1. Check each of the GluC sites (Glu not before Pro) in the range 149-188 and keep only those in coil by DSSP with at most 11 other C-beta atoms within 10 angstrom; list them in order.
2. How large is the helix-only mean residue ellipticity at 222 nm for the chain, computed as the sum of -39500 (n - 2.57) over DSSP H runs with n ≥ 4, divided by its residue count, in deg cm²/dmol to the nearest 500?
3. At a 1.4 Å probe radius, carbon and sulfur cover how many percent of the accessible area of the range 89-207?
4. Taking the Cα centroid of the range 297-339 and of the range 422-446, what is the distance between the two, rounded to the nearest whole Å?
5. Only Lys, Arg, Asp and Glu count, each charged at its Cβ (+1, +1, -1, -1), so figure out the dipole size of the range 69-132 about its Cα centre, rounded to 20 debye.
6. Answer with one residue from Ala406, Tyr428, Pro21: the one whose Cα lies farthest towards the positive end of the charge dipole of the chain, charges on Cβ with Lys, Arg +1 and Asp, Glu -1.
7. Helix 366-383 versus the longest principal axis of the chain: what is the Cα-based angle in degrees, 0 to 90, to the nearest 10?
8. What's the magnitude of the charge dipole for the chain around its Cα centre, counting Lys and Arg as +1 and Asp and Glu as -1 at the beta-carbon? Answer in Debye, nearest 20.
Amino acid sequence: MSEWSPDSWQRKVALQQPVYPDPAKVAAAVGQLAAFPPLVTSWEVESLKRQLAACARGEAFLLQGGDCAETFDSCNADEITSKLKILLQMSLVLVHGTRRKVVRVGRIAGQYAKPRSADEEHQGDVALPSYRGDLVNRTPFTREDRTPDPELLLRGYERAALTINFIRALIDGGFADLHHPEYWDLDFVGHSPMHKEYERIVESIRDSMEFMENVLDAPASSTTRAEFYTSHEGLALLYEQAQTQQVPRREGFYNLSTHFPWIGMRTADPEGAHVEYFRGIRNPIGIKLGPGFTPDHLTRLLDILHPDDEPGRMTLICRFGAAHVDELLPMAIDTVRATGKTVNWTVDPMHGNTETTTGGLKTRRFDTILEEVDKTFKIHHAVGSELGGIHFELTGDNVTECTGGARGLSDADLEDAYRSTVDPRLNYEQSMEMAMLVAHQLRNGA
Ligand code: PEP
Ligand code: CO
């Protein structure tokens, strides 16, 4: 393989990249971005890698979640707080189910770029570049808004910095009451046929909190500082490249715009630019694995991206869909076994289960999401493998984007509060309920 550098990907075919009209402006923005301080540090990145290695061994469990696409408008105190809150509360429910440490990773502070199925959008006779996320261009259908603007790379970095700054402050401040179920919004529990089981889970979390606080004579928040990590799809390669650097007394290069970047399903070509970029960074990385994968393709990706079998380096995020997981997951597990390498297996039960309603809205059904999780647990269990984590698109707000759950949201309800500009997310209640059902499954040995 030829020599790697943060920009060696530019010699390969880079899919899903914006075409900027003015190269001088791009160079100026990338130069400025490269001069800014990092958003995360290499020791945090290494600490997450160690924890992901524990997930792969079945000693910890990864909870990764957040928006499909963050928007610049959603960079505000309420939305950041509610995202952190839902992930923290779900993680406490999962601790109860797994009896393992839960590693929390947000799709946050940089999840601003999206892959698109077409480069252009047509309306009437007009064709304009597709909207690729706030890091690249703007949503209104005008030439000015849709023309990719390199200044947005800087605006995105600034939003990411504001977001991570606030997250760090909330976590340092203890976020104390969130450890206590009496402060959670659990009204939905009464609407479910499973309410007795849900109440039992909540009761048992409350008991453990009280027990800990009595034994340690200190609030739970002061003894268990909530660690939290960031992730985003490493899609817009100029943004990733600009924040990739060497640090004193460590070997190699780190992407310090995030702890945990992943390669999306559409850009995981072993010969392509994204794989070239990712092979040279020391971060733990994820790869989305979808219905089109082949054993050869996966083996080749592991050759290039996971050559030394470094613990914690590689997370495979399987998003096969409830209809295909039975066939494809065993094939993926066999393929990895044949390489002799260890990966952290996780499931994204969202992206293989997207449907369109008769009214034309993109949605996902709570039961289908759960079905993929359930099947995934059973397959790993049957072949003696470990499921090391779970990946959701969710929000802490009361949106109506996915159907089902305790309140039985129907297709007709989706219009009420459909806010996603891209994929449908679980809302606060659906996310909590999903965590409870997964915890219940885990406790009962899947
Ligand atoms: C996503 O995670 O939002 C996404 C685009 O996923 P995938 O690459 O798996 O389709
Ligand atoms: Co998505």
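The values are calculated or read from the model by the stated rules, or taken from the named source; none is laboratory data. Everything numeric here is computed off the predicted structure, so don't read it as measured data. With ideal geometry, Cβ positions are generated from the backbone for all residues, glycine too; neighbour counts draw on all protein chains shown. Each accessible area value is taken on the protein alone, full model and side chains, heavy atoms only, with ligands, DNA and RNA left out. Shrake-Rupley method; radii C 1.70, N 1.55, O 1.52, S 1.80 Å.
1. Numbers: sites: Glu151, Glu158, Glu182; in loops: none.
Loop-located and lightly packed - none at all.
2. It lands at -12500 deg cm²/dmol.
3. Solvent-exposed carbon and sulfur of the range 89-207 make up 49 percent of the total.
4. First find each Cα centre; the distance between them is then 24 Å.
5. Values: 10 positive and 8 negative charges, 178 e Å.
In debye, rounded to 20, the range 69-132 gives about 860.
6. Result: Pro21, furthest along the dipole toward the positive end.
7. On a 0 to 90 degree scale, this one is about 90.
8. The dipole magnitude comes to about 1160 debye.
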